[in-house]
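Okay, so here's the structure we're looking at.
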Amino acid sequence: MRFDILTLFPGMFSSPLRESILGKAIEKGLIQIQTVNIRDFALDKHQVVDDTPYGGGQGMVMKVEPIARSIEWVKSQDPSVWTIYLTPQGKQFNQEIALTLSSKSHLILLCGRYEGVDERVRELFIDEEISIGDYVLTGGELGAMVLIDAVSRLLPGVLGSDRSAEEDSFFNSLLEYPQYTRPFDFRGSSVPEVLLSGNHSAISLWRRKEALKRTLARRPDLLAKANLSNEEKKLLEEILHSNDDCGLRNADDEQILKKIRRTQTDKGEDGV
Ligand code: 4GX
C-alpha cells in the first residue's frame, strides 16, 4: 500500500513512521510512504502557499493552486488514488474506517495548516474528509501519521506472524483484559493465581470476564454495540448481578446498562 503525504513540513514524517513495526513494513516493501512538499508546487518566485482570506478575518488560508498541482502530480502517476483531507470537520476516524481504508492500494493525505485550505480544494479534489478527534491540532500532519499507523498494521504481514489484527479486542468491540509479566509479586501486588494455573480454559474464561468488566466500567457504549456470544452474555449477567458495580454509578450509565441488556437479549440465541 502506498501513502503520499502532501504537507508543508515533510521533515515531520522522517522519524515517526520509520521506527519499529512500520519501519520493518517499509523495509519489507509492504508499505511505501512518500512526502510531497506542497511548496515545491508553488510557481511564483517566493513560492507562496498561503494568502489572506477573502472577506477578511484572522489568519491565512492555503492557496488552491499549489495544492491542486501537487494532487494532480500524484494522480498523473495513479489516477485511481483516493484523496483524504485531515480536518476536525471530517468524519471521526475509528477502527472501521481504518479497515475500509486498508483495502485501498493508494492514499493521498492532504495536511492543512493555518486556517485550512481554500474551499475549492475540497470541492474539486477531496474524496473524503477525516478527523482524528474533537480537538484542534496545529496542522493535519499528526492526524496523517495516526491514520497511516492504524491502517498499516491491518495489512497482511505488517504485524508479526504470531499476531493478527483480527485478534484485536477492538475488533469485537471490547477493551483488552489486564496483562501481567514477571515478577509475580511487585511491592505486595501479585499476579492473579488463575494465570499461573496452566488451566487454559480457566484462563480464557477469566480473561473474557475481565474484558467485559473493564468495557462495562469504562466504555459501556461499546458493549451496547458488541456482538456477544452466549457465553459472554452469561458472563455479563454474572457481572451485572454481582456486588461489583464496575464503576457504573450515574444515570447516564443506567440508561446504557438498560440498552445493553435490551440489545443483548434482542439479538437472540446466536448473538446476531
Ligand atoms: N483531525 N487539524 C487541519 C487546518 C484546518 C483549520 C480549519 C480546516 C479548518 C485535525 C483533527 C486538526 C488542525 C488539521 C487544523 N482545516 N486534523 N488544520 N482534529 O485538528 O485531523
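Things to note:
- The number of residues in region 110-163 being among the small types (Gly, Ala, Ser) and not in a helix (DSSP H, G or I) comes to 9.
- Filter result (over 20 Å from the mean Cα position of the chain (by Cα), assigned to a strand (DSSP E or B) and either without any contact (Cβ under 8 Å) to a residue 24 or more places away in the chain or surrounded by 15 or more Cβ atoms within 10 Å (Cβ to Cβ) (or both)) within region 7-60: Thr7, Thr35, Val36, Asn37, Asp50, Asp51
- Qualifying residue in region 201-214 (condition: in contact with a Cys (Cβ under 7 Å, 6 or more places away or on another chain) and either farther than 30 Å from Ser103 by Cα or away from the ligand (no atom under 16 Å from the Cβ) (or both)): yes
- Selection within region 107-130: residues that are surrounded by fewer than 17 Cβ atoms within 10 Å (Cβ to Cβ) and under 25 Å from Gln32 (Cβ atoms). The member of this set that is nearest to the ligand (Cβ to nearest atom) is Glu129.
- Per this entry, Val81 is not counted among residues that are among the β-branched types (Val, Ile, Thr), surrounded by 14 or more Cβ atoms within 10 Å (Cβ to Cβ), modelled with pLDDT of 95 or more and within 16 Å of the ligand (Cβ to nearest atom).
- Flag for Gly139 being at pLDDT 95 or above, buried (at least 19 other Cβ atoms within 10 Å of the Cβ) and either near the ligand (Cβ under 10 Å from one of its atoms) or among the β-branched types (Val, Ile, Thr) (or both): no
The values are calculated or read from the model by the stated rules, or taken from the named source; none is laboratory data. Just so we're clear, the structure is a prediction, and the values are computed from it rather than from any experiment. Please note: Cβ atoms are built from the backbone with ideal geometry, for glycine as well, and neighbour counts cover all protein chains shown.
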